[in-house]
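Heads up: the structure comes next, in structure tokens.
The values are calculated or read from the model by the stated rules, or taken from the named source; none is laboratory data. Note that the structure is predicted; figures quoted are calculated from it, not measured. Protein only, heavy atoms only, side chains kept; ligands, DNA and RNA dropped before computing areas. Shrake-Rupley method; radii C 1.70, N 1.55, O 1.52, S 1.80 Å.
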Amino acid sequence: MANNIEANQKLTQHERILRWFDTHASLTRWEALTFLGIWEAPARISELKKQGYDFQTKLESGISESGYSFLSAVWTLER
């Protein structure tokens with residue numbers, strides 16, 4: 001798959017996360033990877049927190065397709 005984004009239009013990972021919250025109420029690690037191309041979302045959220053952004057983290061439980069239980073972080077940004 002070709003990257004059709006002009007080099008001068010690429011956003012940093014921090015910018016992509018912050019823009020996500022313009023149209024979404026929350027962000028999960030899966031969404032960050034799938035839709036934003038961010039592999040280490042927890043690290044980026046931590047960096048943004050250090051810059052003064054007020055992120056809240058909630059852990060949600062689930063069951064994987066193979067039957068294993070898991071906890072997943074869901075981040076929200078307080079405005």
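Find the accessible area per residue for the chain; the probe is 1.4 Å, ligands and nucleic acids are left out, and the unit is Å².
I get 76 Å² per residue for the chain.
What Rg and what Dmax come out for the chain when only alpha-carbon atoms are used, in angstroms?
That works out to 14.1, 44 Å for Rg and Dmax.
Rounded to whole Hz and in sequence order, give me ³J(HN,Hα) for region 23-34 from the Karplus expression 6.51 cos²θ - 1.76 cosθ + 1.60, θ = phi - 60°, writing x for Gly and Pro.
For region 23-34, the Karplus curve yields 10, 10, 7, 8, 9, 10, 4, 4, 5, 4, 6, 5 Hz.
Could you look at the chain and say what percent of its accessible area is carbon and sulfur, using a 1.4 Å probe and all protein chains? List each step's numbers first, then the result.
Details: 3090 of 6030 Å².
That share works out to 51 percent.
For a quick check, take a GNM of the chain with Cα springs below 10 Å and name the residue from Ser26, Ser69, Ser46 with the largest mean-square fluctuation.
Highest fluctuation of the listed residues: Ser69.
Once the whole set of protein chains is in place, how much accessible area is left on Lys10, using a 1.4 Å probe, in Å² to the nearest 10?
Roll a 1.4 Å probe over it and Lys10 shows about 120 Å².
Relative to the first principal axis of the alpha-carbon coordinates of the chain, what is the inclination of helix 41-50, with its axis defined by its Cα atoms, in degrees from 0 to 90 and to the nearest 10?
70
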